[in-house]
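The values are calculated or read from the model by the stated rules, or taken from the named source; none is laboratory data. Keep in mind that what you see is a predicted model, and the values were worked out from it rather than measured. Here the Cβ positions follow ideal geometry from the backbone for every residue, glycine too, while neighbour counts run over all protein chains shown. For accessibility, only protein heavy atoms count, side chains too; no ligands or nucleic acids. Shrake-Rupley method; radii C 1.70, N 1.55, O 1.52, S 1.80 Å.
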Amino acid sequence: MQLVSHAELSPDDAAVQAWAHGFAEETIRPTAAANDQDRRQPLDILKSAFEAGLLTLAIPAELGGGGVSSALTQAIVAEELCWGCIGVYSYFSGTNMFVAALRECGTDDQQRRWLARLCDGGPHTAAFACTEPGGGSDVASIRTRANRVDGGFVLNGQKIFITNAGLAHSVLVVADAIDGEQRLGLTMFAVPGDAPGLRYGARARTMGWRASTNAEVFIDDLFVPDEDVIGDVGTGFAGAVRTFELSRIEVAACSIGVARAALEYARDYANQREAFGRSIARFQGVSFPLADAITRLHASRLLTWDAARAADRGEPFGVKASMAKLFASETAVATTSQALQVLGGHGYVEDHPVEKWFRDARLETIEEGTSEIQRVIIGRALLDSTTPLF
């Protein structure tokens, strides 16, 4: 389904789009239903993605990755792979958050040590351990503590809903650094996934994204040397926010991919299904909601690409990312729901993939900051009289 003309993309990005779509169609889609139903970790797909260069796409070329730093290019890839299966793509997105934090805040030496290892003998995934049981969107409420000791910090705490937890080769932990009685502020720490002091809970049995790996992380007397403090001590809040802003562009793109898959399926079904002597697509009760859906999808992609291009130009993009994430995620929920409605009873059974996309889309209004949090961010910017409206 062509939402925006290829003329909107550079030849390189159009080629990447076709490449990612081909991988989704040939490698991800064929086993998407089985991976969902069996809650199977798609290790075979990750191996293929690593060999193709998709899993390490955002890592600098000199470190063994694909060298793609463009937020727009990454959004294009995310949309296409989520058209295949967003649960499978979660392994990419969790890794991308780790990579983004290292690229944004890490020194050259830290990037060399931590990103190159993701390209060596893979497939390897990574995790960004920020969310805690007592606070999701409220990053400032983090209770995991990092106490200063000779040569580094000792971490203690708990994380929840961490993508790739237990499977990740590398983990970035956000904790509140303390030196004696002095609070130093939130700080990011990079650690091996199998470091002594890290334990993982069982994979969460989620409503959607059933192929994903999502678990609690328990941190008990985990020592991290000073050389693995990512960014300056006390700058972890800004680093986490920046990582979330980039991730929100990706979430928006993922939402479009899921919604596009459902809309295409509903359109084809409506054209084939007959009632009262003609295809149901000829009834306005069916065609009008689908028309609304494609219009919202088109707008979602324009919002997403606009935020990505702002990020690529080095402009402030946080509010644009929130707008894109809010609109695209709610569009995905509405579109998959409408697609299910078009199929009627057939949409409610596992014989058709629409019920899976419906379940998958629902998380998009929650992860990386709920819709309510996005409205807070957008509203604050709107009410700031020094911020231009457009």
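Okay, here's what the table says:
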quantity: Criterion (closer than 30 Å to Gly84 by Cβ, part of a loop (DSSP other than H, G, I, E, B) and in contact with a strand residue (DSSP E or B) (Cβ under 9 Å, 6 or more places away or on another chain)) met by exactly one of Ala202, Ala215; calculated: Ala202
quantity: Tabulated pairs, segment 272-290, first under 15 Å from Ser337 (Cα atoms), second in a loop (DSSP other than H, G, I, E, B), C-beta under 8 angstrom, 6+ apart or interchain; calculated: none
quantity: Pair list, Cβ < 6 Å and 6+ apart or interchain, from segment 172-191 residues that are under 15 Å from Thr107 (Cα atoms) and without any contact (Cβ under 8 Å) to a residue 60 or more places away in the chain to residues that are of a type in the set (A, V, I, L, M) and open to solvent by 50 Å² or more (accessible area, probe 1.4 Å); calculated: Thr187/Val233
quantity: Verdict on Thr295 being β-branched (Val, Ile, Thr), farther than 17 Å from Ala361 by Cβ and modelled with pLDDT of 95 or more; calculated: yes
quantity: Restricting segment 342-372 to residues that are among the β-branched types (Val, Ile, Thr) and more than 30 Å from Glu245 (Cα to Cα), the residue that is surrounded by the most Cβ atoms within 10 Å (Cβ to Cβ); calculated: Val342
quantity: Strands (runs of 3 or more DSSP E) fully within segment 57-165 counting 3 or more residues that are out of contact with any helix residue (DSSP H, G or I) (no Cβ under 7 Å at 6 or more places or on another chain) and open to solvent by less than 30 Å² (accessible area, probe 1.4 Å); calculated: 152-163
